[in-house]
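The values are calculated or read from the model by the stated rules, or taken from the named source; none is laboratory data. Owing to the predicted nature of the structure, the values given are computational and were not obtained by experimental measurement. Cβ atoms come from the backbone with ideal geometry, glycine included; neighbour counts cover every protein chain shown. These area figures cover heavy atoms from the full protein model, side chains too; ligands, DNA and RNA do not enter into them. Shrake-Rupley method; radii C 1.70, N 1.55, O 1.52, S 1.80 Å.
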Amino acid sequence: MQTTVRQPVFPNDISFFFDIATLESLHPGEASSPDPMRRPHYQIVWITRGSGYCSIDLEKYRMTDNTIYTIPPGRHHQFMPGGEVTGYVLSFNADFLHLAIEGPGRPFFKQITADLKQVNMLSLQSIAPSLTLLLADITREFETHLMLRLEILSGLFKIFLIYMKRLATTVRQEEASSHRMSLFNKFYAKLDKQFKTMKQVAEYASELSVTPSYLTEVVKKVTGYSASYHIQQRMVQEAKRLAIYSDANMKMVAYSLGFDDLSHFSKYFKNAAGVNFSEFKKKTIVRHVN
């Protein structure tokens, strides 16, 4: 059994940055169990009512009323309800998180991003009216097409994160001290700082004193994606950020990311993003104007 998500569809949506959906109520036997899901964004799943289990990278977490799960990008996860399940799913990328927290150097940003990079199971003592009202406001704003929608959503999301930190108690946390998780966390920290100058798995493996094949094996076991995939996605994420938030053209973006060959960057971007840079930039401008 796996919960399904009812996702509203809107023209010119902002799902590249952020999405909010509700979990459908399911009954046992209503649907067959497919393979576990894997999403490229961060996810916060709040089970407001339900029972059963949640499997994240083959680890089982008990599912009860008012349980919150934080799921990092790329993790295999599957919900196995024992009855009706209701709740919310918030999906967002790193750019939206940066916009919400306002300043990567602030202590709260470091704390919350560290939490979101791990699987956490949190518990609320009872239904939290403040969180429920916030999610209603977020849903209402998400469904509008008024100006500054992204900015308002990020502000509401920041308040949601603060309330979640205040009201929720950590019940279970992914074991970060294991060798596998420790190596992955070190790799991701280096990637976040050095992706502009280090583009090969072998470079990161050398810095971490392991072989490239072992690093790839560990990263894939933890996230479901290879180390080279993460390197590529981090590079393209930065290219998208520059395309969205600056007036830089493709040549300027390519140069800032360490690409001397413009045609190579163009192929690199299209391979990862599914569209060429100019088309992505054009769609972004249209979305902002709308």
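Figures for the structure shown
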item: Some residue of region 103-110 being touching a strand residue (DSSP E or B) at 6+ places or on another chain (Cβ under 7 Å) and open to solvent by less than 70 Å² (accessible area, probe 1.4 Å); result: no
item: Per-region count, region 238-250, residues surrounded by 13 or more Cβ atoms within 10 Å (Cβ to Cβ) and outside any loop (DSSP other than H, G, I, E, B); result: 8
item: Hits in region 255-274 - residues which are closer than 25 Å to Leu97 by Cβ, of a type in the set (A, V, I, L, M, F, W, C) and at pLDDT 85 or above; result: Leu257, Phe269
item: Neighbours by Cβ (under 6 Å, 6+ apart or cross-chain): first from region 194-223, polar (S, T, N, Q); second surrounded by 15 or more Cβ atoms within 10 Å (Cβ to Cβ) and at pLDDT below 90; result: Thr216/Ser226; Thr223/Gly74
item: Single unsatisfied condition, Gly83 versus (1) at pLDDT 90 or above; (2) part of a loop (DSSP other than H, G, I, E, B); result: (1)
item: Which listed residue, of Leu135, Leu99, Leu131, is open to solvent by 50 Å² or more (accessible area, probe 1.4 Å), touching a Leu at 6+ places or on another chain (Cβ under 9 Å) and part of a helix (DSSP H, G or I); result: Leu99
item: Hey, Phe269 more than 20 Å from Thr197 (Cα to Cα), in a helix (DSSP H, G or I) and either without any contact (Cβ under 8 Å) to a residue 12 or more places away in the chain or open to solvent by less than 80 Å² (accessible area, probe 1.4 Å) (or both) or not; result: no
item: Within region 195-237, considering residues that are in contact with a strand residue (DSSP E or B) (Cβ under 9 Å, 6 or more places away or on another chain) and in a loop (DSSP other than H, G, I, E, B), the one surrounded by the fewest Cβ atoms within 10 Å (Cβ to Cβ); result: Gly224
item: Filtered residue count, region 44-90, keeping only those that are among the polar types (S, T, N, Q), buried (at least 20 other Cβ atoms within 10 Å of the Cβ) and free of Cβ contacts under 8 Å to residues at least 60 places away in the same chain; result: 1
item: Residue in region 230-242 that is closer than 13 Å to Lys199 by Cα, at pLDDT 85 or above and over 24 Å from the mean Cα position of the chain (by Cα) present; result: no
item: Given (1) assigned to a helix (DSSP H, G or I); (2) farther than 15 Å from Leu161 by Cβ; (3) in contact (Cβ under 8 Å) with a residue 60 or more places away in the chain, index of the condition Glu141 fails; result: (3)
item: Sole residue being open to solvent by 40 Å² or more (accessible area, probe 1.4 Å) and without any contact (Cβ under 8 Å) to a residue 12 or more places away in the chain, chosen from Ile159, Ile152; result: Ile152
item: Residues located in region 256-266, provided they are in a helix (DSSP H, G or I) and within 17 Å of Met198 (Cβ to Cβ); result: Ser256, His264, Phe265
